[in-house]
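Everything on this sheet refers to the single structure shown next.
What follows draws every value from the coordinates through simple rules; no lab data is involved. What you are looking at is a predicted structure, and each value in this text was computed from that prediction instead of being measured. Because the Cβ atoms are built from the backbone with ideal geometry, glycine has one as well, and the counts that use them run over all protein chains shown.
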Amino acid sequence: MAGDRGAAGIRTEAERESAAYHLIDARCEHLTESEELLGDFADLLSLHVALPALGPTTQVASVHTVRPAQADDIPQMLRLEQSASRAAHWPKTAYEAIFQSNAPRRIALVATRLEQGLCGFVIARIVADECELENIVVDPAEIRQGIGSLLLQELSGIARTRGIHRIFLEVRESNSAARELYEKGGFARDGERSAYYSDPVEKAILYARRL
């Protein structure tokens with residue numbers, strides 16, 4: 001990806017945790033008589049609500065993995081974006097430009113669910129020591145599964161390693177779901193822009209997060 005050569009070799013926190021889990025699972029296989037899947041949970045809070053007897057120290061492995069986006073992901077990214085009515089809608093050429101050698105530096109990540117393909121992505125443009133979150137999309141069928149939070153977490157972690165000190169963005173005032181996601185992810189309101197959006201005309205709320 002532009003300004004991000006070698007990104008495919010980066011192991012995200014989710015990938016490292018998944019690899020560690022599978023290693024431990026394999027080493028302890030001979031100690032297991034039987035296994036039963038209790039369910040898939042977006043986070044520890046939802047796990048403890050469903051199964052309070054497990055206790056507060058119980059750990060879970062995420063069913064979602066985040067990795068750097070690749071040009072081959074563009075068709076799935078487009079399908080996801082077009083299915084999300086509140087997403088920023090880009091032409092195919094804009095996604096293709098991300099992976100051009102002369103494109104502005106960006107961080108582009110995709111979230112996958114096991115072997116079922118993409119379920120979300122985030123794109124952010126690097127400007128000096130700041131990062132503008134340009135687009136974030138989660139499959140409408142998997143809203144409230146922790147995917148958006150995971151993408152923001154991985155974006156922030158990678159941004160820190162590249163010397164980024166601040167991530168900023170703007171969002172429609174009426175987009176309460178996105179604003180809740182950003183605030184949950186540590187973003188604070190940082191101003192507003194009147195009549196920034198069209199169709200319909202609407203105010204933009206600015207958010208920023210210091211890293």
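Close amide H pairs (under 5 Å, H built 1.01 Å from N) link Tyr196 with Glu202, Lys203, Ala204, residues at least 5 positions away or on another chain. Would you calculate the separation in nanometres between label points at Val127 and His165, each defined as 7 Å from the Cα along the Cα-to-beta-carbon direction? Once both label points are built, they end up 1.6 nm from each other.
For segment 63-210, a crude dipole built from +1 on the beta carbon of Lys and Arg and -1 on the beta carbon of Asp and Glu, taken about the Cα centre, is about 340 debye to the nearest 20.
The Cα atoms of segment 63-210 give a gyration tensor whose axes a ≥ b ≥ c have a/c under 1.5, which makes the shape rounded. Would you please state which residues of segment 78-96 a label at Arg193 would reach in this model, taking the label point 7 Å out along Cα→Cβ and a backbone N cut-off of under 20 Å? Those under the cut-off are 86-91, 94-95.
Here the simple spin-label model places points 7 Å from the Cα toward Cβ, and for Ala103 and Gln82 these points are separated by 1.9 nm. Extension gain for Glu33 to Ala141 (0.36 nm times residue separation, less C-alpha to C-alpha distance): 35.3 nm.
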